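Take a look at the structure below.
Derivation of every value follows stated rules applied to the coordinates shown; laboratory data play no part. Note that the structure is predicted; figures quoted are calculated from it, not measured. As a convention, Cβ positions derive from the backbone with ideal geometry for all residues, glycine included, and neighbour counts pool all protein chains shown.
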Amino acid sequence: MSQLKSNKKLKWALDFNQKNKQLSTELPSPPGYSQSSNANYAESSKDSDSNLLLIKKLWDVALGPLKQVPMNLFIMYMAGNSISIFPIMMVGMLIVRPVKALFATQSTFKMVEGTQAIGQKIVYCIGNIVNILLALYKCQSMGLLPTHSSDWLAFEEPQTRLEHIGGGLSLI
Amino acid sequence: MGNLSINLKPNFMGLLKCLNSINWFIVFFSLINLSMCIYEDQIGKFDWRQSYVGRIKFAQFDTVSTARKIIVATEENVLAALNLKTGQVVWRHVFESTSSGNIQLLHLSDQIITVTGSNPYLVRGWDLSTGVLIWEWGLTLQKNEHTDFSEWWVQNGLLVHMVPKFGSHIEVSVYNVATGHNRGATSKLPAVWINEGCVLSPPYYTCISGSPGNQLLLSMDVTSDAVQIISKPLAEYTTARNGNLNPFDTNTVIPGFLLNEKIILIRGNKFEAINIAISEPSASVALVDSASGPLVLQTWNDEAKGFTLMAHNLVSGQRVNEIGWSDRSLSIPEPELSAVICTKTAREQHVCRILVTAADDASHLIQQEGRVLWTREEALANVVAVEFVDLPVSDLDAAIESEFDQKEGSVLAAFTRRLQSQFQQLQGAVRALLAGDAAAADEPPPLVRDYFNLHKIMVLLTDTGKIFGMDNLSGEILWKLYEPNLNTEAAVMFTRRSARHPPHDAYLTVVGKHEETGNGLIVSLNPIRGTPVGEQTLHLDVQILQCAVLYKADAQKLHALILLDKDENVQILPESSAPLVENMYMHVADRSSAVVRGYALRHDGERVSAKNIWSVDLSGGGSQRVVWSVSKPAAERIHSAGRVLPDRSVLYKHLNPNLVLLLTEGPDPVHKDVVVATCVDGVSGGVLSAHVHRRARRPALPLHSEHFLAYLYYNDKQRRHEIATLELYEGPERWVPAGAAFSSLRGARAPHVQRHAYIVPAAPAAAALSATERSLTDKHVLLALSTGAIVELPWALLEPRRALSPAGEAREEGLVPYAPELPLPAEAVVNYNATLLRLTRIHTAPSGLESTSLVLATGLDLFYTRIAPSKTFDLLKDDFDYYLISVVLAALVLATYSTKYFAARKMLKMAWK
């Protein structure tokens, strides 16, 4: 349908902008305006400023998971150890979020390639891993981790027997 | 359910507390599963009941009431009315199974008169049409001796009781039937000539007396006021040296008897020999009245001609041609004329209806021309063993299965096999289409396995030696096999090959005793068709001590039968399987001496020999005797190796597959009676645990499965039935690693035994455990009560781990607090209100559905049903609304496509805007 639309556009629409654009680009500079003066200085100062900001921002992002730890601890404490729908949902979120974040590390730090990028990534990963560990600890205290022999009881091979018996009361 | 009901008891706060602590899920599910019973419209859907009365002792046609019936009294002490047209039970009264319920007399006038018991006697009158008791009076004789030979009959509205005292006199008492008033007290008639060989043909009592060669035939009317003895030399009637007196099987006309295949009547105080030949010494002879005068009927089973019946006119001695035929297709061994009624049609033809009871306890109602109106297989009132046998898969399924069985072969070969079976499937489909539905509707459904393996054949072994194959879904008898020489007193049945191995047929073996010699008698048959296979009927020349089935199958997938005979020799059937015998042990418990012997079976290259390796004496100083010995079911699967405790550790079960529970009982000098339950290892002979119940009697109904055992006994002190339960545990650490083989010889360690006893507030008659294919579902105990109900109890209620006041952990585990009395709720009765009389056994078998267990209860009635101990979790509900679901589904699909269309239109419109 969109194809149809664009075709129609091409067929029927009058493009008034094209010429204007061309015109505007070819406009001469206003009188007294020098393009070359001061441009170099302003450019460099702006560049370092935004870089600093970006690094700061990225550190914020990198430290974000670690900052969540106290909050998560509080949530975990509030959720309790009983197994019901809300604590389970919370624990699920606690695990799923850092794991997702870990997988998305590349895309999160895509925009920069600075000197501190590696450090930031490492901190970010550590923060997420701490969160996962916290969630696992929570699972452990809720008893959701299959760490006991009882959890594997159903998968055990059934016992076989060496000797076989027959008999009973005397038939005579 | 148990959780909830027990917590409801204390108070409501208790319930609230429990709701807090117990998992919400458990509460939720227990609310759903509040009842185990079925809905009213499900009656008869999965279950059926067949009513039997037992072997017919007396029978009389009811000619008085409008609804034609046959009134029968049976050896099982049942008084019943059978519908003349269908043979169904119209009404039935079951008397005591002991001698006090013995029916001595059945007399029909305008009401039914019965005499039951043996001193004291009960005389009762019953309404003919409804079977309601009208009156009753009791009679107790002062002197108890000689009453075994007493005779009863009704004469002119008076009940006559005759007690012969051999070699001395006859005591005759006459009573008013309805009231019991003794008319003329008891009269003693002197008769020194009477003996055990005398016959009664009311009112005459006839004997042969005297020294051999000089014998006299004596007879006397015992009811007449004047004593008149008819006496004739025996030589006048028979040339044989020894006279043999026999009464008629049915006699409604003239007093008479049979003397060495000769009919002699007593008319006008005279013997009168009738010149009608009795063709066969074993023939059953009856004297019946008909429109053209009295008839003599005789029937026997002729080897050449089959079932034969013949009739003569008593007066003329002429043969009545229209009554009399032989039928080779009828298999009625040793027929006996139970009741005969003869009328005449408008065309002056005799019409007789003859009720014949055979040696195999079957009763046939035969009409003219040998047409059998109905047959009642009364042998089924005494079932001694039951085996559920899987049906074979259909030919098509077998082909598909064999395709997957063949592991070897190249890809190309597998592909051609695939194509072949596909082609066969196509052929089958085309053939089914061509044949049409009409042909399929008429013939019975083929005996092939259904998808869930719910359809099976039940092989029932009965007391008389008749073996039945019965369809479990309909209760229809598919085949029957009568083995007259089979004594089923201690008979066992084994399925030695199931129908799962296509080219080979299923194979079932019955090991019993020969009726006369007591030697081993082995019957092998195909349980699907009832035809003899393999060894067929094998008479051994030695008594069998014990038998077992070898766990290993031979090349033909047949499990060998191991027979241990009286001289401790071993016989393997078939003999070619002898090299397969290894690691096989047998044990034999002797009832009276209470000694259990264990044998190791070894194959020494030529033959298998049994070596006595241990023996355990359970006699306790000579007074105890073994009453039960029960080991685990042979093909038992155990799903879980342990029990998970609330702290998530495992309490491992002691799953000794060789464990045998032996119940002994006997008198005790201090405690009156003592019951001892001993758990013995069947391989090593080691005693794992022993429990003594003091002042207890009658240990019964042992149950043994996985790691738990249960048995019933009668508590003499409290006068009640109790059930003792045991569970065996290895503890938190397992003795052998998971998956390893268990060996009884690996060193003896005693397991932890937990035990409890519970009061059963009823008298249990039979017990069984539910059985499922993989033992994933809960175990339930089925208890048949003497009230005629079968109660399904979860094992959780019988568990010995139930603590008196459960602390936190035990409560978390879901253990029900201990209560001494077992609840037997009405909704746990699996046979709803279909009362089952005199239940003796319950048999369970797994089906292909993990949730479902098949149950057959036997006794006087047969009752089949299926139970789902953990609910039908793998099955849609019975009333699942398929129509609603498909309508909703179709509507949803329709809605999806229509909205798609409308959405496209809307988009188009939007684009135009």
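Label separation (B:Glu476 vs B:Thr179): 5.7 nm, computed from points 7 Å beyond Cα along the C-beta direction. Note on B:Glu813/B:Trp91: beta-carbon distance plugged into 1/(1 + (r/R0)^6) with R0 of 41 Å gives a FRET efficiency of 0.20. For the protein assembly as shown, DSSP calls about 95 percent of its internal beta bridges antiparallel. Extent along the principal axes, Cα only, for chain B: 117, 85, 72 Å, with the longest axis given first. Per the Debye formula with a single identical scatterer at each Cα and no solvent contribution, what log10 I(q)/I(0) holds for segment A:104-172 at q = 0.12, 0.16, 0.19 Å⁻¹? Ignoring solvent entirely, the Cα scatterers give -0.65, -0.80, -0.88.
Summarising the label geometry, the points placed 7 Å from Cα in the beta-carbon direction at B:Val736 and A:Leu52 lie 7.7 nm from one another. Classify segment B:172-318 as rounded, prolate or oblate, taking a ≥ b ≥ c as the square roots of the eigenvalues of its Cα gyration tensor: rounded when a/c is under 1.5, otherwise prolate if a/b is larger than b/c and oblate if not. Oblate is the answer for segment B:172-318, as a/c is 1.5 or above yet b/c matches or exceeds a/b.
Taking the Kirkwood radius as the inverse of the mean 1/r across Cα pairs, report the Rg/Rh of segment B:127-227. Rg divided by Rh gives 1.04. Of B:Lys566/B:Lys611; A:Lys57/A:Lys121; B:Lys143/B:Lys188, which ones are farther than 24 Å apart at the Cα? Beyond 24 Å: nothing from the list. Within segment B:250-406, antiparallel bridges make up roughly 95 percent of the DSSP beta bridges whose residues both belong there.
A cut-off of 5 Å between modelled amide H atoms, ignoring neighbours fewer than 5 places along the same chain, links B:Trp135 with B:Gly125.
At an R0 of 25 angstrom, the distance between the Cβ atoms of B:Ser805 and B:Ile759 translates into a FRET efficiency of 0.85. Take every Cα pair under 8 Å whose residues are at least 6 apart in sequence, average their separation, divide by the length of segment A:51-144, and the relative contact order is 47 percent. Spin-label model, B:Glu582/A:Ile85: points 7 Å from Cα along the beta carbon direction are separated by 6.1 nm.
Could you compute the net charge surrounding B:Gly469? Neighbours are other residues with a C-beta less than 9 Å from the C-beta of B:Gly469; K and R count +1, D and E count -1. It works out to a net charge of +1. Binning all Cα-Cα separations of the protein assembly as shown at 10 Å, short to long from zero, yields these whole-percent fractions: 2, 7, 13, 16, 16, 14, 11, 7, 5, 3, 3, 2, 1, 1, 0, 0, 0, 0.
In this structure, A:Leu133 and B:Arg637 have a Cβ-Cβ separation that, at R0 = 41 Å, corresponds to a calculated FRET efficiency of about 0.50. The share of C-alpha pairs in segment A:51-144 whose separation exceeds 19 Å stands at 44 percent. Here the Karplus relation 6.51 cos²θ - 1.76 cosθ + 1.60, evaluated at θ = phi - 60°, turns the backbone of segment B:818-827 into coupling constants of 5, 10, x, 9, 7, x, 10, x, 5, 7 Hz, with x for every Gly and Pro. Extension gain, B:Gln422-B:Asn195: 0.36 nm per intervening residue step, less the Cα-Cα distance, totals 73.8 nm.
Its residue count N sets the reference 2.2 N^0.38 Å, and the alpha-carbon radius of gyration of segment B:685-738 equals 1.45 times that reference. Each of A:Ile95, B:Ile572, A:Ile126 was scored by other Cβ atoms within 10 Å of its Cβ. Arranged with the fewest first, they read A:Ile126, A:Ile95, B:Ile572.
Karplus-based coupling profile of segment B:767-776, in residue order and whole Hz: 8, 7, 9, 5, 10, 10, 4, 10, 6, 7, with θ = phi - 60° in 6.51 cos²θ - 1.76 cosθ + 1.60 and x standing for Gly or Pro.
Size descriptors for segment B:702-794, from the alpha-carbon set: Rg then Dmax equal 16.4, 48 Å. Using the structure shown, select from A:Lys67/A:Lys110; B:Lys632/B:Lys717; B:Lys552/B:Lys653 the pairs with a Cα to Cα distance greater than 29 angstrom. Result: B:Lys632/B:Lys717 exceed 29 Å. Specify whether the C-alpha gyration tensor of segment B:266-332 places it in the rounded, prolate or oblate class, a ≥ b ≥ c being the square roots of the eigenvalues: rounded for a/c under 1.5, otherwise prolate if a/b is larger than b/c and oblate if not. Prolate is the answer for segment B:266-332, as a/c is 1.5 or above and a/b outweighs b/c. Sorting B:289-297, A:160-168, B:269-277 by their mean Cβ neighbour count within 10 Å, with the most densely packed peptide first, gives A:160-168, B:289-297, B:269-277. For B:Arg905 and B:Asp302, the difference between the fully extended length at 0.36 nm per residue and the C-alpha to C-alpha distance is 208.0 nm. Using just its DSSP H runs of length 4 or more, each adding -39500 (n - 2.57), chain B gives a mean residue ellipticity at 222 nm of -4000 deg cm²/dmol after division by all residues. The length gained by stretching the chain between B:Leu373 and B:Leu745 to full extension, at 0.36 nm per residue less their Cα-Cα distance, is 127.7 nm.
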